[in-house]
Structures are given as C-alpha cells and as structure tokens.
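First up is the structure itself, then whatever we jot down about it.
The values are calculated or read from the model by the stated rules, or taken from the named source; none is laboratory data. All values derive from a computational prediction rather than experimental measurement. Please note: Cβ atoms are built from the backbone with ideal geometry, for glycine as well, and neighbour counts cover all protein chains shown.
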Amino acid sequence: MSETQDPFSAPFGSLFGDQITVAVLEAGGRYEYPGRAQPLENFSLHPGTHALHYASTCFEGLKAHRQIDGALAIFRLDDHANRMVQSVKRLYMPVPDVDLVRTMIIDAVEANAAHTPDSPGSLYIRPTLIGTLRNIGAAASPSDSAILYVLTSPVGDYFAGGIRPLTIYIETEIPRTTPQFGTVKSGANYVMALGPTLDAKRDHGADQVLFATGGDVTETGASNFFLVDDTKIITRHLDESFLHGVTRASVLSLAADMGYQIEERSVPVDELRALAERGEAFLSGTAAVIAPVGRISIGDEDIQVGDGQPGPHTLKLRQALTDIQLGKAEDTHHWLTPVAG
Ligand SMILES: Cc1ncc(COP(=O)(O)O)c(C=O)c1O
C-alpha cells in the first residue's frame, strides 16, 4: 500500500495490504500452505475455473484493531474461522482445518500489521476460498481442488460519513437469497441482493435494504437488524434464513451484561413499524459495527425512527463493543486474539 493512500477517504475495501497468505489444494491432496505470507500478486486462473462459472466460492470478513496500548488484536477469530469452515461445507468444497484458517489469518495480519490504521480505522481481513476445478461441464459436481487465501484491507468507515442515521428500505417481496443459502457467506448471495438494493437507493434514497419476505424481518444485504428500547433488545431468532452475525452475537452478550431483556424471535413488519416510532433501530456487522437507523421506508410510507438521530441505547452498545475491540474495556468474553505487530 502506498503511503499516500488514506483508508478514511478511499472506498471501504479498495486498498489492500501488500502481503497475502495462500494455501493450494490439488485434487486428492491437502491444503499446502508454505507457512508464511507472500507478496500480493495477481492469480493466474484457467478461464474454465469452477468458481468463475458455478460460484463455488465463499469468504469471511473480520477485523484486527490497533489497541490503545499500541498492540494489535483480532476480534472473534475463532467464530469467523468456524463460520468459514461451515460455508465451505455447504458449498461441498474441500474443507480446510479450522486451525489452518486461523493460522493463515494470523500470519496475514502480522505480515500487514504496518498497514493497520488507528481507531476508528482497522485492518479488515478477508479469508476467501475458491473452487479451482477446470471443467465447464461440472455444473452439478463440486470442485475437488481449491485455493484458500487471506487478503487484508486497511479500512476507515463502511458507511461514508461516519456515525450518521441510515435510511433503510423494507423489501417484502424479493428475498435476499434462497433458504438453503441464508447462513452461507457466499458471493452469489450478494449479487442476488444487488438489484433490490440499487432500486431502493435510486427510488427511496435508502442506504440499505432490510429483507422481510412475506412481512417477516431477516437482515440487510450485509448486516443484521436490531430494535431496542429502554428495557429490551429484539432481533430475529437464529434459523436458516440469514447470516448468523458474529457482531449480532456480541451485541446480544453485551446487552445481556447491561441488563437488557433479550428477545430473539420473529419480527413482523407491522410490529417493527410500531416499535420503531418509540424506540431505536440499528444494524450490526463487522464492517458496519453498530450503525443507527434514522428512517425506515416501507412502500411509499416513511417512518422516522425515534427522533431520527442515533439513540442513546444504540450509542451505548456501540461504545461497549468498540471499547472491547480496542482494549479500552476488559475483554471478559475472551473475544480478542493478540497478534504480533
Ligand atoms: C448478509 C450479512 N448479514 C450479516 C452480516 C453481519 O455478520 P458479522 O457480524 O459476522 O460481520 C454480514 C457481514 O458479514 C452479512 O454479509
């Protein structure tokens, strides 16, 4: 990364650390990892590579944060490594050991430590696995060869403009993905959500779409959804329909620590409408952290959430989360993995 590139002005994810970790698995073999990072260079892929035709690819997204004492730590490494392995299994690709995924993430972060911006920036980490079988007739067969790699990206804020109230559009007709892929972090899910997201941006000035097929709230294109008021915090119960966010789990643990009543259950759009008017709503995700929602758009109806500004509960939860990520508060849940750098 050149010294002149600023992660706070460049689009999120558009800058890259200059070192990458890579493991290659040839058919019938195992993942071969050289044990250290290497300079980031383009891959050479055969045009018939399975991932390019049949979307045999999945990824993770996690962050390493510069601590207030100058050290470096990865947030919830094991949860992300485990979710990666789950995604690979659901795509029927060669499954790496979770320990290999873990090691390759740590090595990639250590090799790119110098590129980690101070808070509120961080080093975004993108483990990726692609099916490399060369066969354009293999639409109905899994890839038996693969490349696993860990890319890094120095980042500032995901939503341009820092902490500001977001506008979300509720999409009740088109689902984000298919039922069997809800919990998988696969690229195909994101391209499926693109059409409705672009339409909502253009037609409703929305930042994100909240998918609520049939009137039942699930998640946005890249984050989970919460409602909160003075006593309770509400989010959808875990099922196969959406990605089980690591930030979602962290928010629920912190909210329980703070004494909120936790309600994990279905959230009908009609109830959301009523709760949003008197409470707060926010999105959670590795990239988004905890992002307040100020306006909800349903069809032609516009609902202001609370007074339209980031609410005190949202900000309190965000603070609690980032305090742990940055080593300002005690890591009582053991979510941080310290790394060299
Ligand atoms: C579809 C989707 N839902 C939810 C999330 C939030 O998950 P996490 O908190 O693990 O980043 C993400 C981001 O990774 C996502 O892409």
**Message:** So Gly187 ticks every box in (1) surrounded by fewer than 21 Cβ atoms within 10 Å (Cβ to Cβ); (2) within 11 Å of the ligand (Cβ to nearest atom); (3) under 15 Å from Leu272 (Cα atoms) but one. Which box is left unticked?
**Reply:** (3)
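Based on this model, can you work out whether Asp99 counts as in a helix (DSSP H, G or I), modelled with pLDDT of 95 or more and within 16 Å of the ligand (Cβ to nearest atom)?
No: the conditions fail for Asp99.
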**Request:** Taking only region 236-260 into account, find how many residues are touching a strand residue (DSSP E or B) at 6+ places or on another chain (Cβ under 7 Å), in contact (Cβ under 8 Å) with a residue 40 or more places away in the chain and within 11 Å of the ligand (Cβ to nearest atom).
**Result:** 5
**Prompt:** Taking Leu198, is it over 21 Å from Ala255 (Cβ atoms), of a type in the set (A, V, I, L, M), assigned to a helix (DSSP H, G or I) and within 13 Å of the ligand (Cβ to nearest atom)?
**Reply:** no
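With the structure loaded, tell me whether Asp230 is within 15 Å of the ligand (Cβ to nearest atom), surrounded by fewer than 20 Cβ atoms within 10 Å (Cβ to Cβ) and either modelled with pLDDT under 95 or not in a strand (DSSP E or B) (or both) or whether it fails that test. Explain how you work it out, then say what you get.
Details: within 15 Å of the ligand (Cβ to nearest atom): no; surrounded by fewer than 20 Cβ atoms within 10 Å (Cβ to Cβ): yes; either modelled with pLDDT under 95 or not in a strand (DSSP E or B) (or both): yes.
Criteria not met by Asp230.
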**Prompt:** Restricting attention to region 44-54, does a residue exist that is part of a loop (DSSP other than H, G, I, E, B), assigned by TED's automatic domain parsing to the domain that holds Asn135, at pLDDT 95 or above and of a type in the set (Gly, Ala, Ser)?
**Reply:** yes
**Prompt:** Is one or more of the residues making up region 3-15 touching a residue at least 12 places away in the same chain (Cβ under 8 Å), assigned to a strand (DSSP E or B) and within 16 Å of the ligand (Cβ to nearest atom)?
**Reply:** no
**Asked** Which residue, of Thr116, Thr177, is in contact with a strand residue (DSSP E or B) (Cβ under 9 Å, 6 or more places away or on another chain), surrounded by 15 or more Cβ atoms within 10 Å (Cβ to Cβ), without any contact (Cβ under 8 Å) to a residue 40 or more places away in the chain and polar (S, T, N, Q)?
**Response** Thr177
